[in-house]
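Student: Structure below; questions to follow.
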Amino acid sequence: PPRSTLFPYTTLFRSKTSNTIMWVILGLLILALGGFGIGGFGSSLSTVASVGDREITVQEYANALQFEINRLQQDTGQRLTLQQMQLFGLDRNVMERLLAAAALESEADRIGISVGDQAVAKRIRENPAFSGVGGGFDREGYRFALQSAGLNESGYEEDIRDEAARELLQGAVAGGVEVPAAYVDAIARWIAESRDVTLATVTVQDLPGGDLAPTDADLTAFYDADPTRFETPELRAITYVWMTPDSVVDNIQIDEDQLRQLYEDRAADYRQPQRVLAERLAFADMQSANDALAAIESGTTTFDALVEERGLTLEDVDQGELSRDGLDPVIADALFALEQPGLAGPVETPLGPAIYRVNAVLDATEVPLEDVRDDLVAEAGIDAARRRIDAAREDIDDLLAGGATLEEVADQTDMELGNIRWDPAAGEEQGGFGIVAYDEFRSAARAAQAGDFPELGTLSDGGLFSLRLDEVIAPIVPPLDEIRGQVEAAWRSESLRSRLFDRAGELSENPVQDILGQPETLTGIVRDATLEGAPDGLIDRIFEAAPGDIFAFEGDDQRAFVVRVDAVTEADLTTGDGAQLRQAIETQTGTELTGDLFESYGRSVQGMAGFTVNSQAVEAVQSQLGGG
């Protein structure tokens, strides 16, 4: 049987990076690419919150919210609106992070922690976002990035100084955290322990007498012991009429003019202009872009290397498929002048001078009408069927309002009449065939009461239906003679399950060679192993047993099991996978302890310093973001 790898949990222990506030600063730079800004609040709404003497400005909060939206979009591939962020409490998380940062800044000021100009300059120079083509610090690029983000040099450098002070404070608070070695070892050994077992399957062939047939007395006793197990469900006898696009479409003819018009309406799907697959790397000025292009062409660097030096990924610079439509003519001329992959530019773009790398040139394509005729006929037919159903809605409504029965409606319209005995408790299981497959019908059938006026409802595909509850059929226990086959099947299943488990228990007291089937030897079983055909709980039982234990384990009416634990192998935590697992557990535990300690410290500092939140300013920022 298949089993998991020796150490299946190592991927669960992931090292967490330190939660510094650099994401705010990087967020400002990233947001500059989008040109986001907040304004128009007036001086009375310049701050959204304060902790001690530290203030959180409107712009800082707006940038942090927008950055969080962008981050989630990159992680999930979906654009969350501000309302969705509020639903999940993410806007509160943003505010809490900003308050925590302000609290630490306030505490660092109070106890006199700071760093000098030399340390600030070193951090800025080492930031890859401010590197030039040659890899060194680019003063003009630095100024351009800050200006694009709406920052000035002095303000940004003060932010860097505050961040360094916070890190010193964080290191002082959390630097002494140690994870007890005994704790780490105990968890690692528990996770990595493996076992070897011999497993024998007990089947019907191992039962004395095999599969026994019940006598009449057996069935009667079994039936009388618990008649409710054979109780029928409460059923609803329902008469209904319905009409769907699929039931109407066969009577609809689509002429050639309609088909050609639909083809033209879908022209964008069938005709593609010439396109290129391109990546774009923008620079602070044209000179920097020209220098970069020259460096690439001379072979001293590559496009990929320049992207990496800027702290970006190829995904960040990917532009996808581009056609002439929507592009600036100058950019389009540069890109489509290439007949094969290569570099284009530099050209001016909204982000500044940029070099494009064209990875593929895609020719214009066109799918002829004949190739998609069948699909278009089906689509046009369904659309026409929906329109016909919509046109019939008012007449059907009038019939029902005038007192017509469902039978009369079926006679006078295209609606079809049907009857069903429906079990509401098994509604989902009955989905997949006929009208019961529709949620709308099941909801209406479940809510219907005897004597209700039949109302016209709409199905999810545009169809119509109406129903009448004729009767609620109460649960009953049918006489044994009526369900003898069902009772016999239940008796056989329960009897076999019990006999197989009893036989497994007998065999667990004796050598397993008494079993007809060949026992299997399984080695290296770990706690998350999956044994094909084995019932739930067997792995847990194996790990509860001691070496040498033999035990029986219940299965179903096909098999039971006899298991012998042959060996228990403790993990070697000093080398290989065991050492990696131990290190992962120690790292994760240390990170969690540090995080808990620092979170507690931050709340204490914030409480002592005192904080306020200007709800009016918060709402104003969120309102101007306008739903993300």
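The values are calculated or read from the model by the stated rules, or taken from the named source; none is laboratory data. Computed from a prediction, not measured in an experiment: that's the story for all the values here. Methodologically, a virtual Cβ is constructed for each residue, glycine included, from the backbone with ideal geometry; neighbour enumeration extends over all protein chains shown. Please note that ligands, DNA and RNA were not included when accessible areas were found on the heavy atoms of the full protein model with its side chains. Shrake-Rupley method; radii C 1.70, N 1.55, O 1.52, S 1.80 Å.
Student: Can you put TYR601, TYR142 in order of accessible area, largest first, using a 1.4 Å probe?
Tutor: Values: TYR601 55, TYR142 5 Å².
From most exposed to least exposed: TYR601, TYR142.
Student: Over segment 58-212, average the accessible area per residue using a 1.4 Å probe and give it in Å², no decimals.
Tutor: Working: 7660 Å² over 155 residues.
About 49 Å² of surface per residue is accessible.
Student: Give me the percent of the accessible area of the chain that comes from carbon and sulfur atoms, probe 1.4 Å, all protein chains in place.
Tutor: Details: 16210 of 33780 Å².
Of the solvent-accessible surface of the chain, carbon and sulfur hold 48 percent.
Student: Give me the angle, in degrees from 0 to 90, between the Cα long axis of helix 90-111 and the longest principal axis of the Cα atoms of the chain, rounded to the nearest 10.
Tutor: Roughly 40 degrees between the two axes.
Student: By how many degrees, 0 to 90 and rounded to 10, does the Cα axis of helix 117-126 deviate from the longest principal axis of the chain?
Tutor: 60 degrees
Student: Follow-up. Determine which residues of segment 195-216 fall in the zone a paramagnetic label at GLN558 would reach in this model, i.e. backbone nitrogen under 16 Å from the point 7 Å along Cα→Cβ.
Tutor: In segment 195-216, the label zone of GLN558 (backbone N under 16 Å from the point 7 Å along Cα→Cβ) covers 201-206.
Student: Now, a different point. Applying a 10 Å radius around every beta-carbon, put 339-345, 580-586, 471-477 in order of their mean neighbour count, most first. Show your work: numbers first, answer last.
Tutor: Details: 339-345: 14.1, 580-586: 20.6, 471-477: 11.4.
Listed from highest to lowest mean packing, they are 580-586, 339-345, 471-477.
Student: Per 10 Å bin, what percent of the C-alpha pairs of segment 340-418 does each bin hold, from zero upward?
Tutor: Over segment 340-418, the share of Cα pairs per 10 Å bin runs 14, 20, 14, 12, 14, 10, 13, 4 percent.
Student: Let me ask something else. If you count only protein heavy atoms and use a 1.4 Å probe, how large is the accessible surface of THR47, to the nearest 10 Å²?
Tutor: It works out to around 30 Å².
Student: Can you give the direction-averaged projected area of the convex hull of the alpha-carbon atoms in segment 439-579, in nm²? Could you put the intermediate results ahead of the total?
Tutor: Numbers: hull surface 70.6 nm².
Reported value for the Cα convex hull: 17.6 nm².
Student: Under the Kirkwood approximation applied to all pairs of distinct alpha-carbon atoms, what is the hydrodynamic radius of segment 190-270 in Å?
Tutor: Values: mean 1/r = 0.0443 Å⁻¹.
Kirkwood radius, segment 190-270: 22.6 Å.
Student: While we're here: May I ask you to rank ARG446, ARG387 by accessible area, largest first, using a 1.4 Å probe over the protein chains only?
Tutor: Numbers: ARG446 115, ARG387 140 Å².
Largest accessible area first, the residues go ARG387, ARG446.
Student: If I take the Cα coordinates of segment 235-334 and project them onto the principal axes, what are the three extents in Å, biggest first?
Tutor: 78, 47, 21
Student: Same structure again: Residue by residue through segment 545-562, which ³J(HN,Hα) values in whole Hz follow from phi under the Karplus form 6.51 cos²θ - 1.76 cosθ + 1.60 (θ = phi - 60°), with glycine and proline marked x?
Tutor: The phi angles translate into 7, 9, x, x, 5, 10, 9, 9, 9, 6, x, 10, 7, 10, 7, 10, 9, 10 Hz.
Student: Give me the 1.4 Å probe accessible area per residue for segment 470-628, excluding ligands and nucleic acids, in Å².
Tutor: Working: 8720 Å² over 159 residues.
The answer is 55 Å² per residue.
Student: Would you mind computing Rg(Cα) / (2.2 N^0.38 Å) for segment 165-226, counting N as its residues? Could the numbers behind the result be given before it?
Tutor: Values: Rg = 30.9 Å, N = 62, 2.2 N^0.38 = 10.6 Å.
The value comes to 2.93.
Student: Now a separate question. Report VAL115's accessible area, 1.4 Å probe, all protein chains in place, as a number in Å² to the nearest 10.
Tutor: 30 Å²
Student: Divide, for the chain, the radius of gyration over alpha carbons by 2.2 N^0.38 Å, where N is the residue count.
Tutor: Details: Rg = 36.3 Å, N = 628, 2.2 N^0.38 = 25.4 Å.
The chain yields a ratio of 1.43.
Student: How big, in percent, is the set of alpha carbon pairs in segment 513-628 lying more than 19 Å apart?
Tutor: Taking all Cα-Cα pairs of segment 513-628, the fraction more than 19 Å apart is 71 percent.
Student: Still on this structure: Keeping all protein chains in the complex and leaving out DNA, RNA and ligands, what accessible area do you get for LEU207 with a 1.4 Å probe, in Å² to the nearest 10?
Tutor: In the full protein context, LEU207 sits at about 10 Å².
Student: Any chance you could give the angle, 0 to 90 degrees and rounded to 10, that helix 181-192 forms with the longest Cα principal axis of the chain?
Tutor: Relative to the chain, helix 181-192 is tipped by roughly 50 degrees.
Student: If each DSSP helix of 4+ residues adds -39,500 (n - 2.57) and the sum is divided by the residues in the chain, what number results at 222 nm, nearest 500 deg cm²/dmol?
Tutor: Details: 24 runs with 304 residues, N = 628.
It lands at -15000 deg cm²/dmol.
Student: In vacuo Debye scattering of segment 112-254, one point per C-alpha: log10 I(q)/I(0) at q = 0.09, 0.13, 0.16 Å⁻¹?
Tutor: Taking Cα atoms of segment 112-254 as identical point scatterers yields -0.74, -0.94, -1.07.
Student: What do you get for Rg/Rh of segment 88-184 when both radii come from the Cα atoms and Rh is the Kirkwood radius? If you can, show how the numbers build up before the last one.
Tutor: On the way: Rg = 17.3 Å, Rh = 16.0 Å.
My calculation of the ratio gives 1.09.
Student: Shifting gears a bit: Starting from the 7 Å offset along Cα-to-Cβ, what nm value, one decimal, do you get for the label separation of LEU212 and THR523?
Tutor: Label at LEU212, label at THR523, 4.2 nm between them.
Student: Can I ask one more? Relative to the compact globular guide of 2.2 N^0.38 Å, what is the alpha carbon radius of gyration of segment 407-474, as a ratio?
Tutor: On the way: Rg = 12.0 Å, N = 68, 2.2 N^0.38 = 10.9 Å.
Rounded to two decimals, the normalised Rg is 1.10.
Student: Once you keep just the Cα pairs under 8 angstrom separated by 6 or more residues, what percentage relative contact order results for segment 266-335?
Tutor: 46 percent
Student: Would you mind listing how long segment 177-314 runs along its three principal axes, going by Cα atoms, in whole Å with the largest first?
Tutor: 99, 78, 36
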